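What follows is a set of notes on a single structure, which appears directly below.
The values are calculated or read from the model by the stated rules, or taken from the named source; none is laboratory data. This is a predicted model, so every value here is computed, not measured. Here the Cβ is made from the backbone with ideal geometry for all residues, glycine too, and neighbour counts use every protein chain on show. Ligands, DNA and RNA are excluded from the accessible area calculation, which covers all protein heavy atoms including side chains. Shrake-Rupley method; radii C 1.70, N 1.55, O 1.52, S 1.80 Å.
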Amino acid sequence: SWRYKVASLGLWSLLRFFVERFRARLQARGKAVLVTGCDSGFGRALAKHLHQLGFTVFAGCLLKDRGGAGAKELEEFRSDRMHVVQLDVCSDEQVNRAVDYVRENLPDSEKGLWAVVNNAGVSTFGEVEFTSMDTYKQVSEVNLWGTIRVTKAVLPLIRRAKGRVVNLASMYGRMGNIMRSPYCISKYGIEAFSDCLRYEMKAWGVRVSVIEPGNFILATGILTRDIVASTATKLWTEAPWQVKEDYGKAHFEQHMALMRSYCNSGQKDVAPVLDDITDAIRSKRPYARYTPQEPHWWIRVQLMTHLPSAVSDLLYF
């Protein structure tokens with residue numbers, strides 16, 4: 001009956017509340033965390049949040065050497081627990097140099113590095129036939145290969161601490177969508193890499209977690225009308241003439257209008273993502289996956305990953 005369903009849901013919600021409320025948390029004092037992509041968005045907010053909790057933070061910033069605003073803001077902390085590090089995750093040289101710096105400035109090098117948060121990422125959009133191979137490679141170079149490059153470089157320090165690897169994927173690491181194939185490919189790869197690493201690291205006492213944020217466009221400003229306009233120009237200019245002719249400008253403009261409609265969408269506050277990342281770092285029993293998503297996106301992910309494709313395709317496409 002409906003009363004049974006309501007009672008069951010209420011009991012489940014209450015149980016989850018108490019489980020979350022009383023889950024054992026580790027002390028932040030004396031522990032260090034490397035966070036990539038701290039120039040803006042989740043990374044910058046996370047660096048400040050972890051510092052406030054008492055962690056020593058190594059904040060990797062792509063634009064530190066170019067006077068980036070995000071790096072300057074973090075440097076203004078003038079704290080011995082906030083280290084701003086130049087870090088392009090696409091560069092072997094910069095990654096190795098950053099890890100050397102981390103090793104030399106750990107609170108206790110014998111205890112190693114407690115956690116790495118692979119947050120650095122880029123996003124783009126475009127239908128498959130409008131998207132160049134260079135774009136596919138560039139997105140995966142940052143999101144996927146950058147995550148793997150940094151993880152491999154710090155794993156000896158993480159293993160020494162029996163620490164944590166936290167990788168930022170996306171709800172689009174679990175399901176595809178039109179216009180999003182370059183991004184989806186890179187995030188699906190992070191999911192696979194994280195699963196394989198989790199199995200291998202179990203013997204070392206290292207926990208690996210994946211964060212799968214939903215739509216936080218409004219909170220992060222990752223998609224603006226200017227970005228849509230410049231990307232649209234690039235897509236149309238670089239597309240082969242046959243593709244332009246077959247699809248037509250009206251079809252193309254319709255899809256660009258769809259992307260513009262997303263610019264002010266999503267959650268306004270990054271707190272759900274920060275809370276989940278923090279739990280993955282601090283909980284004695286972190287989850288393998290965290291899903292800071294709005295309910296309708298969470299439901300969509302479940303339907304698209306559990307229903308037969310014929311049914312989920314009919315629902316959403």
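I'm trying to understand the selection: among the residues of region 268-303, which are without any contact (Cβ under 8 Å) to a residue 60 or more places away in the chain and open to solvent by less than 40 Å² (accessible area, probe 1.4 Å)? Matches in region 268-303: Ala271 only. Here is the figure for region 85-97: residues that are open to solvent by 20 Å² or more (accessible area, probe 1.4 Å), touching a residue at least 24 places away in the same chain (Cβ under 8 Å) and closer than 20 Å to Leu113 by Cβ total 4.
Could you run through region 56-74 and say how many residues are of a type in the set (Phe, Trp, Tyr) and either without any contact (Cβ under 8 Å) to a residue 40 or more places away in the chain or over 14 Å from Val33 (Cα atoms) (or both)?
Here the count works out to 0.
From the list Lys72, Lys48, the lone residue that is among the charged types (D, E, K, R), within 18 Å of the chain's Cα centre (by Cα) and open to solvent by 30 Å² or more (accessible area, probe 1.4 Å) is Lys48. The number of residues in region 68-90 that are more than 17 Å from Gly41 (Cβ to Cβ) and not aliphatic (A, V, I, L, M) comes to 10. Scan region 304-317 for residues that are under 27 Å from Leu218 (Cβ atoms) and either touching a residue at least 24 places away in the same chain (Cβ under 8 Å) or surrounded by fewer than 14 Cβ atoms within 10 Å (Cβ to Cβ) (or both) and jot them down. Of everything in region 304-317, those that are under 27 Å from Leu218 (Cβ atoms) and either touching a residue at least 24 places away in the same chain (Cβ under 8 Å) or surrounded by fewer than 14 Cβ atoms within 10 Å (Cβ to Cβ) (or both) turn out to be Met304, Thr305, Leu315, Tyr316, Phe317. Within region 25-43, being crowded, with 24+ Cβ neighbours inside 10 Å and assigned to a helix (DSSP H, G or I) holds for Phe42, Gly43.
Filtered by the rule that a residue be within 27 Å of Ile217 (Cα to Cα) and charged (D, E, K, R), region 236-264 gives Glu238, Lys249, Glu253, Arg260. Scanning region 98-137 for residues that are free of Cβ contacts under 8 Å to residues at least 40 places away in the same chain, of a type outside the set (A, V, I, L, M, F, W, C) and within 24 Å of Asn177 (Cβ to Cβ) gives Asp134, Lys137. Quick check, is Ala71 part of a helix (DSSP H, G or I), over 22 Å from Leu274 (Cα atoms) and small (Gly, Ala, Ser)? For Ala71, the condition - part of a helix (DSSP H, G or I), over 22 Å from Leu274 (Cα atoms) and small (Gly, Ala, Ser) - is not met.
Each row is one residue, and each column tells you yes or no for (1) within 26 Å of Ala47 (Cα to Cα); (2) modelled with pLDDT of 95 or more.
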site: Leu235; (1), (2): no, yes
site: Pro240; (1), (2): no, yes
site: Phe252; (1), (2): no, yes
site: Cys263; (1), (2): yes, no
site: Tyr290; (1), (2): yes, yes
site: Arg300; (1), (2): no, yes
site: Leu303; (1), (2): no, yes
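Within region 163-185, one or more residues are free of Cβ contacts under 8 Å to residues at least 60 places away in the same chain, among the polar types (S, T, N, Q) and in contact with a strand residue (DSSP E or B) (Cβ under 6 Å, 6 or more places away or on another chain).
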